[in-house]
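Heads up, the thing below is written out as structure tokens.
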Amino acid sequence: MTRDTTATVTPRRCVPSPSGAPTVVLTFDDGPNPPDTDRLLDVLAHHQVPAVFCLVGEQVVAHPDRVVRIVDAGHLLGNHSWKHDDLSTMTREQVHADLTATLHAIHTAAPGATVPFYRAPYGNWGDTIDVATTLGMIPLEWNLVVEDWDPPGVPTLLDRLLTVTPGSIILLHDGGGERSNTVDAVAELIPRLRAAGWTFTVPQVEGSSAVSRSTH
């Protein structure tokens, strides 16, 4: 999984915070995916940590009750396409149809839910940023990838997570496969960072810039 370095930059784009504050944002892609999403939500609730869930349309249709649970817990949502196709290879019309279908699925599962963010599958942004922006979503990037899609085991995954720097947005997955290692690593990460003085945040956009707002 690689990031597209040629993507068009727009004024409204959520990127890792440049501040030196010891804050971190947890993001989870490819769900909802029981039972891993359920366990993850339990962990986040226990520690009162907010997160962003970037949802795949097919998974939303399969597990609408999990979308409701995510929203009811106060987490933020992102649109991660209908079935994780590489949208950068599609026409703008195809991208629009894909993202609109995913939004419709989310709103059907959880009426009234807002979807402030868009994350491109495989990090291949292409022209998808412009389409997402017209649909009212802000591209959500990241700056720490721990490759949890190829589970290295909890100790190794935790070591990778602990390389976090202040203001980071971490890319993780609760779907796309069996993610128990990710859930277990996050369960260990949260108390360790908290003990070291870190705060878990969610990204907010004010005006034309992206910032991270702390929540406890």
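Read-outs throughout are calculated quantities, based only on the coordinates presented, and are distinct from any laboratory measurement. What you see is a predicted model, and the numbers here were worked out from it, not measured in a lab. Note that we place each Cβ from the backbone using ideal geometry, even for glycine, and neighbour counts take in every protein chain shown.
What to note about this one:
- Working note: Debye formula, equal point scatterers on the alpha-carbon atoms of the range 23-214, no solvent; log10 I(q)/I(0) at q = 0.09 Å⁻¹ is -0.29.
- Sites Asp85 and Thr199, calculated FRET efficiency, Cβ-Cβ separation with R0 45 Å, nearest 0.05: 0.80
- Cβ crowding within 10 Å ranks Arg192, Arg39, Arg119 as Arg192, Arg39, Arg119, fewest other Cβ atoms first.
- Dipole of the range 23-214, positive direction: furthest Cα of Asn124, Ser81, Ile169, with charges on the beta-carbon: Ile169
- Paramagnetic reach from Glu147 in the range 156-178 [backbone N under 12 Å; point 7 Å along Cα→Cβ]: 157, 160
- For the range 87-103, backbone phi angles converted through the Karplus equation (6.51, -1.76, 1.60; θ = phi - 60°) give residue-by-residue couplings of 5, 5, 8, 9, 6, 4, 5, 5, 4, 4, 5, 5, 5, 5, 4, 5, 4 Hz, Gly and Pro being listed as x.
- Ranked for footprinting exposure by Cβ neighbours inside 10 Å, fewest first, Thr165, Thr100, Thr201, Thr128 give Thr165, Thr100, Thr201, Thr128.
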